[in-house]
Amino acid sequence: MDDGLKFSSRCLAPVVPVFNFTNVGEQLRNVKSTSAGPDGISGKLLYSARLELVSPLVTNFNHCVNKGIVIDEWRLGNITPIPKVQNPATP
């Protein structure tokens, strides 16, 4: 049925800046210098380079949110189970 309505084939998602320099910079400032994640980047490097990283990260994160993209690597994580012991002094 043709009701005369025309739709553009290139509908864009609304551009909403979810991330900004403040909230991304705060997260980078609070990174703990623990071992590297699945990407091999250590927390110490992220913390040290936070002033240089904040702008490209804000741009990249907002682009992904506005396009509805979730990068596969963002779904990965290293989980290390730590068993509980009755007495921590005697494992």
* Accessible area of region 21-75 belonging to carbon and sulfur atoms, whole % at 1.4 Å probe -> 56
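Counting only heavy atoms of the protein chains, get the accessible area per residue of region 21-75 (1.4 Å probe) and round it to a whole Å² value.
73
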* With +1 on each Lys and Arg Cβ and -1 on each Asp and Glu Cβ, how big is the dipole of region 21-75 about its Cα centre, in debye rounded to the nearest 20? -> 140
* Given R₀ = 30 Å, FRET efficiency for residue 55-residue 82 by Cβ-Cβ distance, to 0.05? -> 0.25
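Give me the number: length gained by fully extending residue 27 to residue 41, i.e. 0.36 nm times residue separation minus the C-alpha to C-alpha distance, one decimal in nm.
Details: separation 14, 0.36 × 14 = 5.04 nm, distance 1.53 nm.
Residue separation times 0.36 nm, minus the Cα-Cα distance, leaves 3.5 nm.
Expressed as a rounded percentage, what relative contact order does region 21-75 have, with Cα pairs under 8 Å and six or more residues apart? Could the numbers behind the result be given before it?
Values: 38 pairs, mean separation 18.3, N = 55.
That works out to 33 percent.
The values are calculated or read from the model by the stated rules, or taken from the named source; none is laboratory data. Note that this is a predicted model, so its numbers are computed, not measured. Using ideal geometry, Cβ is built from the backbone for each residue, glycine included, and neighbour counts are taken over all protein chains shown. The area values use the complete protein model at the heavy-atom level, side chains included, leaving out ligands, DNA and RNA. Shrake-Rupley method; radii C 1.70, N 1.55, O 1.52, S 1.80 Å.
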